[in-house]
Amino acid sequence: NESSGNDGSGLNEITGIDGGAGVMSAAQNAIDTYGLDLALQASSGAAMTEALGNAIDNEEPIVVTGWTPHWMFTTYDLKYLDDPENVFGEEESIHTFTRDGLAEDAPEANTVLDNFYWSEDDMGEVMLDIQEGTDPEEAAAKWVESHQDQVDEWTDGVSEVDGDSISLAYVSWDSEIASTNVVKNVLESIGYNVEINSMESAFMWAGIANGEQDAMVAGWLPLTHQEYFEDYEDQVVDLGVNFEGAKTGLVVPEYMDIDSIEDLK
Ligand SMILES: C[SH](C)CC(=O)O
């Protein structure tokens, strides 16, 4: 096929991330719903952004499983493909979930987790710092230092503890690396010994449900993590939204001559 491929004709796969991610099951649903002759390539958040960067360097066709908030929209000229069948749903929120009993066992940590709430700009600052090479812990500390008033609201009235342990589960997506390291920093500032554990989505949700993990700030609802939420709803505590305006979908570089998932057929 002599096409430049930038109309999508040169594509034979969707470049995905870790298999358990909700955006991956939504992408497979899109392949089935739109009748796309494309394979869904599972990899990781880091491998997806590397493939995206390489394709853009060579102005080659690529379609990835994408989401907002993500630094890639700041770094590259990208667009979401329209989704007339609404497979990826509308705007989403990221929720904070804890294991059953955390409010009784660690009331100070529970209060901070309940108060944690930040914007796309806030998260973007940390994600971009990390993308430019800053260690996640250092990027989080830098953000906390420059947003102390906001962080003080999260810890207002919370007494300090003396080295109590807290475990935070997360998936290695740029957005959750940022949020989890910020929450770790704030919990450490009131005396907790915080362990952060990176794992696939399925293990993160199961770990909160079975009490092996204390909390996570990576619950994408109502659609992206709907299956996990339905499986574990009665075994976890939803402390509510920590981030609004999230979105998932299929994303392509602006130079591609396609605007809808329909155009991938
Ligand atoms: C990759 S998005 C941050 C969330 C998800 O798709 O599970």
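Quick note: the coordinates plus some simple rules give every number you see, no bench work behind them. This one's a predicted model, so the numbers in the text were calculated from it and none came from an experiment. Methodologically, a virtual Cβ is constructed for each residue, glycine included, from the backbone with ideal geometry; neighbour enumeration extends over all protein chains shown.
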Q.
Taking the beta-carbon count within 10 Å as an exposure proxy, list Ile14, Ile130 from fewest neighbours to most.
A. Ile130, Ile14
Q) With no solvent and one point per C-alpha, what does the Debye sum give as log10 I(q)/I(0) for the stretch 92-246 at q = 0.14, 0.18, 0.20 Å⁻¹? A) -0.62, -1.06, -1.33
Q: Using only Cα atoms, tell me the angle between helix 120-131 and the longest principal axis of the chain; keep it within 0 to 90° and round to the nearest 10.
A: 80
Q: Could you rank the peptides 164-170, 62-68, 143-149 by their average count of other C-beta atoms within 10 Å per residue, with the highest value first?
A: 62-68, 164-170, 143-149
Q: Restrict the search to the stretch 222-253; then list the chymotrypsin sites (Phe, Trp or Tyr not before Pro) that DSSP places in a loop and that have at most 16 other Cβ atoms within 10 Å of their Cβ.
A: none
Q. Please identify the GluC sites (Glu not before Pro) of the stretch 42-97 that satisfy two criteria: DSSP loop assignment and at most 15 other Cβ atoms within 10 Å. Which are they?
A. Glu59, Glu85, Glu90, Glu91
Q) What's the local net charge at Gly19, with K and R +1, D and E -1, over the other residues with C-beta under 15 Å away? A) -4
**Q.** Amide H contacts under 5 Å for Lys79, placed H, 5+ residues apart
**A.** Val252, Glu254
Q) Hey, how many Å between the Cα centroid of the stretch 203-253 and the Cα centroid of the stretch 100-169? A) 18
Q) Going by alpha carbons, how many degrees (0 to 90, nearest 10) lie between the helix axis of 136-146 and the longest principal axis of the chain? A) 70
Q | Full-extension gain in nm, Glu132 to Asp164, via 0.36 nm per residue minus C-alpha separation | A | 8.2 nm
Q: Using amide H atoms built 1.01 Å from N in the peptide plane, name the residues 5+ places from Lys247, or on other chains, whose amide H lies under 5 Å from its own.
A: Thr68, Glu92
Q: Work out the length of the dipole vector of the chain about its Cα centre, built from +1 on the beta-carbon of each Lys and Arg and -1 on the beta-carbon of each Asp and Glu, and round it to the nearest 20 debye.
A: 420
Q: Starting at the first residue of the stretch 193-204, write each ³J(HN,Hα) from the Karplus equation 6.51 cos²θ - 1.76 cosθ + 1.60 with θ = phi - 60°, in whole Hz, x for Gly and Pro.
A: 9, 9, 10, 10, 10, 8, 7, 6, 3, 4, 6, 4
Q: Mind telling me which of Ser44, Ser175, Ser159 comes out most flexible in a GNM of the chain, alpha-carbon contacts under 10 Å?
A: Ser159
Q | 5 angstrom amide H check on Ser167, placed H, neighbours 5+ away | A | Glu195, Asp214, Ala215
Q: Sum -39500 (n - 2.57) across every DSSP H segment of at least 4 residues in the chain, then divide by the residue count to get the 222 nm mean residue ellipticity, nearest 500.
A: -11500 deg cm²/dmol
Q: With unit charges on the beta carbon (Lys/Arg positive, Asp/Glu negative), name the residue among Ile190, Val171, Ala140 whose Cα is farthest towards the positive pole of the charge dipole of the stretch 92-246.
A: Val171
Q: With a Förster radius of 35 Å, plug the Cβ-Cβ distance of Thr33 and Ser93 into 1/(1 + (r/R0)^6) and report the FRET value to the nearest 0.05.
A: 0.90
Q.
Neighbour counts of other C-beta atoms within 10 Å: give me Met256, Met24 arranged from fewest to most.
A. Met24, Met256
Q. Once Lys and Arg get +1 and Asp and Glu get -1 on their Cβ, which of Thr111, Ala26, Trp71 lies farthest toward the positive end of the dipole of the stretch 1-128?
A. Ala26
Q.
With N set to the number of residues, divide the alpha-carbon radius of gyration of the chain by 2.2 N^0.38 Å and report two decimals.
A. 1.05
Q | Debye, to nearest 20: dipole size of the stretch 53-107, +1 on Lys, Arg Cβ, -1 on Asp, Glu Cβ | A | 160
